[in-house]
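Report on the following structure.
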Amino acid sequence: MERTRMQIIRSLLAGEKSFWELIRDQDGDLSSYCQEIGQLIEEGIIEADDQKITLTEKGQEWAGRNRIKPLQDIICSRCEGKGLVLQGIFQEVLEQFRQLTKDRPPAIAEFDQGFVEPENTVARVAFMYARGDLENKNIFILGDDDLTTIAAALTQMPRRIVVAEIDERIVEFITTVVERQGWKNVQVVKYDVRNPLPEELQGQFDVFVTDPVETIPGLKLFLSRCIQALKGKSSAGYFGLTHLEASRKKWYAIQQMILDMNFVITDLVHDFHRYILEREKFVTKNYPVVEKAPVPLPVPQVNWYTSNLFRLEAVGVPQPATDKKSSLGRELYFDNESYATLP
């Protein structure tokens, strides 16, 4: 975990940080991060209380010996590293999106929910536009607590949008917005990813969008259902994947799965999504990261949970890994890397 150690120390050279703030400055998984924090405390390189983590004099010396300098803020402050700016129609869409979704249902742990900031949802749609995956396209969205359906529909660019969602509250919310806006090209379907994809949705779409669970069995299901919905070669897909609950070993397995499904990764944007999670309740509910952390944790004051945006493209006939019914229970959502997911 030398890489994680270096990232933690260079961040603390720039100033003390809370446990949650420090997560944003390293790109290891939460399990490795917690272990490294504990090891650094044990070695006397950092010290921590229930509010802040600080580099000790010994830590300063370690940094000097290893030629580590304070972390510099070099991420574009305007686009936050996304490579695009919400302007023109997308600025208008953001304003409308905020208004239409202000009374959205809160995220619940039952379905491993946690929605992204409104700017991130609209930025995802803008990214699709930049890649030619929005105008006159048939779009399939699997799971939509981020309400990408609404953001995409507000652009008036897609030919058709179908959203498949298990949570009755979100189904009802999106349906209400669709009816009020008079969108005739948007369809909302209640659907459990563990069931086979309905035949009428198979092979009908140019693009899919999903924010899947991060267990290997769960990702296999989500990506398979989405890929089965696509028309064929040159179809595209978008999904989010963290490094916080998905180690590099898991990434390797996921990328192999993508190749086996006849897709390539064309784009990967680091920390594209920033999530709005519970704050006080996240600590009081004792999520695994709270239990595993080597120090008492304060209530988060920042949106610390991020994920990366992937774009996939079919290089041949899509090959879903499964088209069968799944009997997975809670293990669909939870594995030993799921530190920000309730068992």
Would segment 234-253 turn up any residue that is modelled with pLDDT of 95 or more, part of a loop (DSSP other than H, G, I, E, B) and more than 16 Å from the chain's Cα centre (by Cα)? yes
Kindly indicate which of 98, 124 is in a helix (DSSP H, G or I), over 14 Å from the mean Cα position of the chain (by Cα) and of a type in the set (Lys, Arg). 98
So, first residue under 19 Å from residue 274 (Cβ atoms) in segment 117-133, second residue polar (S, T, N, Q) and at pLDDT 95 or above, Cβ within less than 8 Å, six or more apart or across chains; the pairs are 118/101; 121/148; 124/148; 125/148; 125/155
Keeping to segment 69-78, report how many residues are within 23 Å of the chain's Cα centre (by Cα) and either buried (at least 16 other Cβ atoms within 10 Å of the Cβ) or not charged (D, E, K, R) (or both). 4
Test for residue 192: is it more than 13 Å from residue 162 (Cβ to Cβ) and under 23 Å from the mean Cα position of the chain (by Cα): yes
Residue that is farthest from residue 193 (Cα to Cα) [pool: residues in segment 127-144 that are in a helix (DSSP H, G or I) and among the aliphatic types (A, V, I, L, M)]: 130
Given the conditions (1) surrounded by fewer than 19 Cβ atoms within 10 Å (Cβ to Cβ); (2) in the same structural domain as residue 143 (by TED's automatic domain parsing), and given that residue 81 satisfies all but one, which numbered condition is not satisfied? (2)
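Quick grid of which residues meet (1) part of a loop (DSSP other than H, G, I, E, B); (2) charged (D, E, K, R); (3) at positive phi; (4) in contact (Cβ under 8 Å) with a residue 24 or more places away in the chain:
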{"site": "146", "(1), (2), (3), (4)": "yes, yes, no, yes"}
{"site": "149", "(1), (2), (3), (4)": "no, no, no, yes"}
{"site": "152", "(1), (2), (3), (4)": "no, no, no, yes"}
{"site": "157", "(1), (2), (3), (4)": "yes, no, no, yes"}
{"site": "172", "(1), (2), (3), (4)": "no, yes, no, no"}
{"site": "177", "(1), (2), (3), (4)": "no, no, no, yes"}
Qualifying residues in segment 47-63 (those that are surrounded by fewer than 16 Cβ atoms within 10 Å (Cβ to Cβ) and at pLDDT 95 or above) - the one nearest to residue 297 (Cα to Cα): 54
For residue 297, state whether it is in a loop (DSSP other than H, G, I, E, B) and either in contact with a Pro (Cβ under 6 Å, 6 or more places away or on another chain) or at pLDDT below 95 (or both). yes
Pair list, Cβ under 6 Å, 6 or more apart: segment 232-260 residue touching a residue at least 60 places away in the same chain (Cβ under 8 Å), other residue assigned to a helix (DSSP H, G or I): 237/226; 244/30
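Return the only residue of 95, 47, 57 being free of Cβ contacts under 8 Å to residues at least 40 places away in the same chain and closer than 30 Å to residue 182 by Cβ.
Only one candidate passes the filter, namely 95.
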Residue among 269, 302 that alone is closer than 14 Å to residue 23 by Cβ, of a type in the set (Val, Ile, Thr) and either outside any strand (DSSP E or B) or touching a residue at least 60 places away in the same chain (Cβ under 8 Å) (or both): 302
If you scan segment 191-231, which residues turn out to be free of Cβ contacts under 8 Å to residues at least 40 places away in the same chain and hydrophobic (A, V, I, L, M, F, W, C)? 219
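The values are calculated or read from the model by the stated rules, or taken from the named source; none is laboratory data. None of these values were measured; they are calculated from a predicted model. Using ideal geometry, Cβ is built from the backbone for each residue, glycine included, and neighbour counts are taken over all protein chains shown.
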